[in-house]
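K.L.:
Quick one: this structure, given as structure tokens, is what I'll be asking you about.
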Amino acid sequence: MQSVLDNYLGIHAQALALEAQRTDVLAANLANVDTPNYKARDMDFKAALAAASGESDASTLTLTTTNQADLTSAGTLAGAAGGAAPDAAGAAPGSAANPTYLKYRVPLAPALDGNTVDEQLEQSAFAENSVRYQASLAFLNTKLRDLVTAISSS
Amino acid sequence: MSDFKIFDIAGSGMSAQSVRLNTVASNLANADSVSGDPSTVYRAKHPVFKAVLGDGLGAGGGADAATATVEVTGIAENPATPETRYDPGNPLADAQGYVYAPAVNVVEEMTDMISASRSYQNNVEVLNTARDMMLDTLKLGQS
């Protein structure tokens with residue numbers, strides 16, 4: 001599955017894709033800031049990156065799989081176990097219908113209309129995520145430039 | 001973001017908030033539109049927002065289900081009874097000399113306006129940031 005180029009680029013290519021996904025999730029939170037009963041969501045980035053890079057997360061429980069079909073459910077369980085401990089973003093375990101690394105936020109001050117979007121929190125998360133995206137881009141750019149330097153003779 | 005969905009998300013937010021701004025403008029403009037008949041008096045209008053969840057079929061796989069655009073499902077009219085004013089000099093007054101003013105809470109409308117305009121600005125910021133991120137991604141590997 002891993003090509004030479006994938007190995008060379010390391011985790012940054014997967015991180016970039018996940019950060020792009022997280023941008024969508026946070027943008028949806030900000031767009032629904034006035035929608036009654038909307039529940040804000042965020043990505044458990046550590047679990048998502050571990051799942052995307054195929055590494056088993058040492059801090060979560062893993063299942064021994066006896067069947068190829070079990071592989072996906074093992075990932076689900078690991079994600080749910082990781083969600084049991086609230087992270088800095090205050091994310092709660094996700095529902096079965098969605099990837100487990102997407103969690104619902106636990107609101108600090110729930111609104112009367114059932115909306116759990118905290119505008120300031122979402123704004124800072126969005127800003128942080130876009131900086132992380134730029135950082136991943138910068139890493140990839142550097143790596144690609146190094147590669148070009150190595151390939152070109154002069 | 002990879003399938004440009006973020007433009008739909010932030011765009012739907014902007015469109016919903018601008019509907020809200022429009023209703024606020026309409027309510028404020030008609031705050032003093034009196035009528036001689038309580039059944040025909042202007043009623044304050046407020047949009048009803050609804051989140052439309054992604055179908056999970058996009059390029060992002062299941063993560064799509066976590067994204068939601070905003071939809072305006074309708075415009076609700078305030079059922080509050082109109083304010084009765086005694087104004088026999090008004091040509092619209094009924095036989096008893098009363099006119100009926102719409103039940104528009106101007107303070108509520110002003111806070112609604114500020115909230116809508118802040119949310120609109122938020123969505124514009126999201127769009128700008130996402131656009132910058134995409135343009136930077138297009139330049140990946142160049143010089």
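K.L.:
Looking only at the range B:99-109, decide whether some residue is within 13 Å of the chain's Cα centre (by Cα) and either within 18 Å of residue A:120 (Cβ to Cβ) or more than 14 Å from every other protein chain (Cβ to nearest Cβ) (or both).
P.N.:
Within the range B:99-109, one or more residues are within 13 Å of the chain's Cα centre (by Cα) and either within 18 Å of residue A:120 (Cβ to Cβ) or more than 14 Å from every other protein chain (Cβ to nearest Cβ) (or both).
K.L.:
Quick one: what pairs do we get from the range A:136-154, first residue within 12 Å of chain B (Cβ to nearest Cβ), second of a type in the set (Asp, Glu), C-beta under 8 Å, 6+ apart or different chains?
P.N.:
Note: pairs meeting the criteria are A:136/A:19; A:137/B:136.
K.L.:
When residues of the range B:15-40 are filtered for being part of a helix (DSSP H, G or I) and more than 9 Å from the chain's Cα centre (by Cα), how many remain?
P.N.:
Here the count works out to 5.
K.L.:
Could I ask something else about it? Residue A:76 fails exactly one of the following numbered conditions: (1) modelled with pLDDT of 85 or more; (2) of a type in the set (Ser, Thr, Tyr); (3) part of a helix (DSSP H, G or I). What is the number of that condition?
P.N.:
(1)
K.L.:
So, one more: Tell me which residues, restricted to the range A:7-46, are buried (at least 21 other Cβ atoms within 10 Å of the Cβ), more than 7 Å from chain B (Cβ to nearest Cβ) and within 30 Å of residue B:50 (Cα to Cα).
P.N.:
Answer for the range A:7-46, where residues must be buried (at least 21 other Cβ atoms within 10 Å of the Cβ), more than 7 Å from chain B (Cβ to nearest Cβ) and within 30 Å of residue B:50 (Cα to Cα): A:18, A:19, A:22, A:26, A:29, A:40, A:42, A:43, A:44.
K.L.:
Let me ask something else. Please list, ordered by first then second residue, the pairs with beta carbon atoms under 6 Å, 6 or more apart or interchain, first in the range B:30-47 and touching a residue at least 12 places away in the same chain (Cβ under 8 Å), second surrounded by fewer than 19 Cβ atoms within 10 Å (Cβ to Cβ) and of a type in the set (D, E, K, R).
P.N.:
B:36/B:94; B:43/B:77; B:45/B:77
K.L.:
I'd like the full set of residues that are in contact (Cβ under 8 Å) with a residue 60 or more places away in the chain, touching a strand residue (DSSP E or B) at 6+ places or on another chain (Cβ under 8 Å) and not in a loop (DSSP other than H, G, I, E, B), limited to the range A:1-47.
P.N.:
The answer is A:22, A:25, A:26, A:29, A:41, A:42, A:43.
The values are calculated or read from the model by the stated rules, or taken from the named source; none is laboratory data. Because the structure is predicted, anything quoted here is derived from the model rather than measured. Don't worry about glycine lacking a Cβ; one is built from the backbone with ideal geometry, like all the others, and counts go over all protein chains shown.
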